[in-house]
């Protein structure tokens, strides 16, 4: 498995040069509150709802890796599944 399959993000300059896309644009919108950065964290967890295909996670990871290069970063992803053509209502009588 290579780095991209594991969800690892490339270095900032390479992302902007190679992708120049949504991730770099999102990353440019994020700021770190330096008043909350002391002491520097050893482990950060990013929560993402997966609505935008994890591009917010990738962008935030990019920003945090640049600012806190020694920190471990993890992601917690919240998602839901919608299965078409499936009746989700189950009658209790079906189990008797």
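The values are calculated or read from the model by the stated rules, or taken from the named source; none is laboratory data. Remember, it's a predicted structure, so these values are computed and weren't measured experimentally. Neighbour counts run over all protein chains shown; Cβ positions are idealised from the backbone, glycine included.
Tally the residues that are assigned to a loop (DSSP other than H, G, I, E, B) and in contact with a strand residue (DSSP E or B) (Cβ under 7 Å, 6 or more places away or on another chain), restricting the search to segment 43-62.
Step one: filter segment 43-62 for residues assigned to a loop (DSSP other than H, G, I, E, B), giving 49-54.
Next, from what is left, pick out any that are in contact with a strand residue (DSSP E or B) (Cβ under 7 Å, 6 or more places away or on another chain): 50, 54.
Of the residues in segment 43-62, 2 are assigned to a loop (DSSP other than H, G, I, E, B) and in contact with a strand residue (DSSP E or B) (Cβ under 7 Å, 6 or more places away or on another chain).
Can you go through 35, 65, 94, 31 and tell me which one is part of a helix (DSSP H, G or I), modelled with pLDDT of 65 or more, on the phi < 0 side of the Ramachandran plot and surrounded by fewer than 11 Cβ atoms within 10 Å (Cβ to Cβ)? Spell out the reasoning first.
Details: 65 fails: surrounded by fewer than 11 Cβ atoms within 10 Å (Cβ to Cβ); 94 fails: modelled with pLDDT of 65 or more; 31 fails: part of a helix (DSSP H, G or I).
Matching residue, one of 35, 65, 94, 31: 35.
So which residues in segment 38-47 are touching a residue at least 12 places away in the same chain (Cβ under 8 Å) and exposed (fewer than 10 other Cβ atoms within 10 Å of the Cβ), if there are any at all? Steps first, please.
As a first pass, look at segment 38-47 and keep what is touching a residue at least 12 places away in the same chain (Cβ under 8 Å): 40-47.
42, 43 - these are the residues of segment 38-47 that are touching a residue at least 12 places away in the same chain (Cβ under 8 Å) and exposed (fewer than 10 other Cβ atoms within 10 Å of the Cβ).
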